[in-house]
Amino acid sequence: MQRLPRDFFTRDSLDVAPELLNKVIAFGNCRGRLVEVEAYKGVDDPGSHGYRGMTPRTEVMFGPAGHLYVYFTYGMHWCANVVCGADGECSAVLLRAVTPLAGLAEMRKRRPAARRDRDLCSGPAKFTSAFGIDGTHNGADLVAADLGVELLDDETPPPVEVGRSTRIGLTAGTELPWRWYVRGCDDLSRRG
């Protein structure tokens, strides 16, 4: 397995997002295959945290590419995005769901409410909780793996059937079809 190179991420989030499907995210003993993602386009996207420009919270989203933007939501959950695009441009891909591959015992300890393994990482907050990713990982360099989080290519081919839909859980930018997922996968946050 090889880490994804920086130039993989220095493209538009709409191009990066579908290509992240079937890639592997790793942190500590935990590994999982990305099966659902959503793209965000910053100042051009009312659904993006960066829509109103750079703030201390969103600074990481403005580059450089290949870093992790981790934010706290609803006062209780962490979510993780892969930063994309050119430096100074706000662009990212939310990691929505993962199929667990390794480290399941740790994931089960961190997510005792999950009744089945397919429920461990079937949502953006479930995934970060299961992997132990939190605000201390905001800004982590996925290419250098400076904080231990990395995105890997294990040469698994792209999914045969990719679904596409509007994004989930937003109040603005809801009409944009910027969610991609592996069709038929049991580990998605929401079907179709």
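The values are calculated or read from the model by the stated rules, or taken from the named source; none is laboratory data. Since we're looking at a predicted model, the values are computed, not measured. Virtual Cβ from ideal backbone geometry, glycine too; neighbours counted across all protein chains shown. Heads up: the accessible areas ignore ligands, DNA and RNA and are worked out on the full protein's heavy atoms, side chains in. Shrake-Rupley method; radii C 1.70, N 1.55, O 1.52, S 1.80 Å.
Under the rule a/c < 1.5 gives rounded, and otherwise a/b versus b/c splits prolate from oblate, where does segment 18-142 land using the Cα gyration tensor? Because a/c hits 1.5 or more and a/b exceeds b/c, segment 18-142 counts as prolate. Shown here for segment 48-106: chymotrypsin sites (Phe, Trp or Tyr not before Pro) in loop regions (DSSP other than H, G, I, E, B) with at most 12 other Cβ atoms within 10 Å, namely Tyr74. Using a probe of 1.4 angstrom and keeping all protein chains present, the accessible surface of segment 1-81 works out to 45 square angstrom per residue. Cross-link partners of Lys109 among lysines, defined as those whose alpha carbon lies under 16 angstrom from its own and excluding same-chain residues fewer than eight positions apart: Lys126.
For the residues Leu21, Leu170, Leu104, a GNM of the chain with alpha-carbon springs under 10 Å puts the largest fluctuation on Leu170. GluC sites (Glu not before Pro) within segment 123-171: which are DSSP loop residues with at most 15 other Cβ atoms inside 10 Å? Passing both the DSSP loop test and the Cβ count: Glu155, Glu161. Specify whether the C-alpha gyration tensor of segment 4-74 places it in the rounded, prolate or oblate class, a ≥ b ≥ c being the square roots of the eigenvalues: rounded for a/c under 1.5, otherwise prolate if a/b is larger than b/c and oblate if not. In terms of gyration-tensor shape, prolate.
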